[in-house]
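Engineer: Take this structure, written in structure tokens, and hold onto it; I'll ask about it next.
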Amino acid sequence: DTAVSQTPKYLVTQMGNDKSIKCEQNLGHDTMYWYKQDSKKFLKIMFSYNNKELIINETVPNRFSPKSPDKAHLNLHINSLELGDSAVYFCASSRGQRSTNEKLFFGSGTQLSVL
Amino acid sequence: GEDVEQSLFLSVREGDSSVINCTYTDSSSTYLYWYKQEPGAGLQLLTYIFSNMDMKQDQRLTVLLNKKDKHLSLRIADTQTGDSAIYFCAERDILTGGGNKLTFGTGTQLKVEL
């Protein structure tokens, strides 16, 4: 059973299109995240939800909209895709407890290529 | 703002020790982590250290923390070809709204040669 699963694994699309990436975790975690990894492997947090509530929103364009229908799911919708959106997008989850050591569990990534 | 730096590449021979270094800027970080990323895969937690410790050993892995210099290192003993991957250090910020924010380093590509 995959703990954090995201779909699709690969996404190739044209500039200007709208696309979604889905993420689900079966760990019973309260917090979920989206990270973007660029071509130089640099990882940067985009969003975080704790119990369906947005708690981190880094300086991400409005074209990116996360949606959390329940605490086990965090989807990422991207409007009007641009060439610079090409990257690997990772979903992650954690228990969400502040006082103890928190471990992030990552999905295997979605490779987005915008042509 | 947070800034976590690592050297980009490290090449070692199989059987040698590898030392991957990391410097961070946020002195309030409570936990520091090492993650491993194999090709085409997500990140996998290797080990972590609490900020009041200066060393932690976990089988072939040794983490050293110099809090004064904000320097973290990961030593892999008896490096194997299966250790070839990208290694990320990360520092943790606790958020008032719950959850955690991990700021990752730039990643070090470890190549193990026969």
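Computed from the coordinates by the stated procedures, all read-outs in this text should not be read as laboratory data. The shown structure was predicted, so the numbers you read here are calculated from the model rather than taken from an experiment. Glycine also receives a Cβ, built like all others from the backbone with ideal geometry; neighbour counts cover every protein chain displayed.
Engineer: Given q = 0.09, 0.14 Å⁻¹, what are the Debye log10 I(q)/I(0) values for the protein assembly as shown, with equal point scatterers placed on the Cα positions and solvent ignored?
Structural biologist: -0.37, -0.89
Engineer: Residue by residue through segment A:71-80, which ³J(HN,Hα) values in whole Hz follow from phi under the Karplus form 6.51 cos²θ - 1.76 cosθ + 1.60 (θ = phi - 60°), with glycine and proline marked x?
Structural biologist: 6, 8, 10, 9, 9, 10, 10, 10, 9, 6
Engineer: Under unit Cβ charges (Lys, Arg +1; Asp, Glu -1), what dipole magnitude, rounded to 20 debye, does chain A have relative to its Cα centre?
Structural biologist: Charge dipole, chain A, about its Cα centre: 160 debye, nearest 20.
Engineer: Let me have the relative contact order for segment B:8-91, percent, based on Cα pairs under 8 Å that are six or more residues apart.
Structural biologist: 41
Engineer: Next up: Peptide A:104-114: average number of partner chain Cβ atoms within 10 Å per residue?
Structural biologist: 3
Engineer: Please give the average number of partner chain Cβ atoms lying within 10 Å of the Cβ of each residue in A:38-50, rounded to a whole number.
Structural biologist: 4
Engineer: Can you give me the P(r) profile for segment B:1-56? Cα pairs, bins 10 angstrom wide beginning at 0, each as a whole percent.
Structural biologist: In order of increasing distance, the bins hold 17, 46, 32, 5 percent.
Engineer: Could I ask something else about it? Please report, to two decimal places, log10 I(q)/I(0) for chain A at q = 0.09, 0.10, 0.16 Å⁻¹ as given by the Debye formula with identical point scatterers on the Cα atoms and no solvent.
Structural biologist: -0.22, -0.27, -0.68
Engineer: Around B:Q80, under 10 Å between beta carbons, what's the net of Lys plus Arg minus Asp minus Glu among the other residues?
Structural biologist: Once all neighbours under 10 Å are counted, the net charge is -2.
Engineer: Shielding of B:35-45 by partners, i.e. mean partner chain Cβ atoms within 10 Å per residue?
Structural biologist: Per residue, the average neighbour count from other chains is 5.
Engineer: Relative contact order, percent, of segment A:36-115 when contacts are C-alpha pairs under 8 Å separated by at least 6 residues?
Structural biologist: For segment A:36-115, the relative contact order is 24 percent.
Engineer: Here is a further query. State, in angstrom, two size descriptors of chain B derived from its alpha carbons: Rg to one decimal place and Dmax to the nearest whole number.
Structural biologist: In Å, with Rg to one decimal and Dmax whole: 13.9, 48.
Engineer: What are the lysines whose alpha-carbon lies under 25 Å from the alpha-carbon of A:K71, with same-chain residues fewer than 8 places away excluded?
Structural biologist: Candidates past the 8-residue exclusion: A:K9, A:K19, A:K22, A:K36, A:K44, A:K52, A:K103, B:K101.
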